[in-house]
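Colleague: Below: one structure in structure tokens.
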């Protein structure tokens, strides 16, 4: 059984490496994450524009940039939501990048209800380009930036989006870099 788990972990890491291609999207490790405004759809400031980067300050944060509400993106949101429920020091927010913010708001409200999201704010950024200072690459479907003490500690990209449970597990394995 132990070798089966090891093989599964190795397979997940291989799939992760294959999908996290050379084109890096988002700020580099060591950079200071820049402030940017989003519209909060489900968080404590639902319906308002705010800067979660500013609000969370130097706390450990997982910032998830997504371009759609695919099943695997929702699985990652659910996994992060659960992790936030367990670790009260960790912060996170999901940002849907869209040129159709009204549709995005509706899609995220549906995700929140169906997935029973309680802890992670779901937000909309009104452009598929994302915040200018983040240098998000157009053809990278998912960019996850993890920071603490106002420095990026990890940046995970999925050019083709999340396709497997191993992808979600590989993202969750990065959280110890910012929070215990």
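Colleague: Could you list all residues from the stretch 137-171 that are closer than 22 Å to residue 49 by Cα and more than 13 Å from the chain's Cα centre (by Cα)?
Modeller: Residue satisfying the conditions is 150 alone.
Colleague: One residue is enough: does the stretch 135-150 have a residue meeting the conditions exposed (fewer than 15 other Cβ atoms within 10 Å of the Cβ) and either under 17 Å from residue 34 (Cα atoms) or in contact with a helix residue (DSSP H, G or I) (Cβ under 6 Å, 6 or more places away or on another chain) (or both)?
Modeller: Within the stretch 135-150 (the criterion being exposed (fewer than 15 other Cβ atoms within 10 Å of the Cβ) and either under 17 Å from residue 34 (Cα atoms) or in contact with a helix residue (DSSP H, G or I) (Cβ under 6 Å, 6 or more places away or on another chain) (or both)), the answer is yes, since at least one residue qualifies.
Colleague: Also, quick follow-up: State whether one or more residues within the stretch 66-81 are part of a loop (DSSP other than H, G, I, E, B), farther than 18 Å from residue 171 by Cβ and in contact with a helix residue (DSSP H, G or I) (Cβ under 7 Å, 6 or more places away or on another chain).
Modeller: Checked the stretch 66-81: no residue is part of a loop (DSSP other than H, G, I, E, B), farther than 18 Å from residue 171 by Cβ and in contact with a helix residue (DSSP H, G or I) (Cβ under 7 Å, 6 or more places away or on another chain).
Colleague: Counting just the residues of the stretch 105-134 that are touching a residue at least 40 places away in the same chain (Cβ under 8 Å), in contact with a strand residue (DSSP E or B) (Cβ under 9 Å, 6 or more places away or on another chain) and part of a helix (DSSP H, G or I), which one comes out surrounded by the fewest Cβ atoms within 10 Å (Cβ to Cβ)?
Modeller: Within the stretch 105-134, the match that is surrounded by the fewest Cβ atoms within 10 Å (Cβ to Cβ) is 109.
Colleague: May I ask you to say which residue of 50, 97 is touching a strand residue (DSSP E or B) at 6+ places or on another chain (Cβ under 7 Å), over 19 Å from residue 140 (Cβ atoms) and without any contact (Cβ under 8 Å) to a residue 60 or more places away in the chain?
Modeller: 50
Colleague: Still on this structure, please answer the following. Anything in the stretch 85-94 that is surrounded by fewer than 20 Cβ atoms within 10 Å (Cβ to Cβ) and touching a residue at least 24 places away in the same chain (Cβ under 8 Å)? List them, or say none.
Modeller: Those that are surrounded by fewer than 20 Cβ atoms within 10 Å (Cβ to Cβ) and touching a residue at least 24 places away in the same chain (Cβ under 8 Å): 85, 87, 89.
Colleague: Which of the residues belonging to the stretch 158-176 are touching a strand residue (DSSP E or B) at 6+ places or on another chain (Cβ under 6 Å), outside any loop (DSSP other than H, G, I, E, B) and either at pLDDT below 80 or closer than 17 Å to residue 147 by Cβ (or both)?
Modeller: Answer for the stretch 158-176, where residues must be touching a strand residue (DSSP E or B) at 6+ places or on another chain (Cβ under 6 Å), outside any loop (DSSP other than H, G, I, E, B) and either at pLDDT below 80 or closer than 17 Å to residue 147 by Cβ (or both): just 171.
The values are calculated or read from the model by the stated rules, or taken from the named source; none is laboratory data. Just so you know, these numbers come straight off a predicted model, no measurement behind them. Virtual Cβ from ideal backbone geometry, glycine too; neighbours counted across all protein chains shown.
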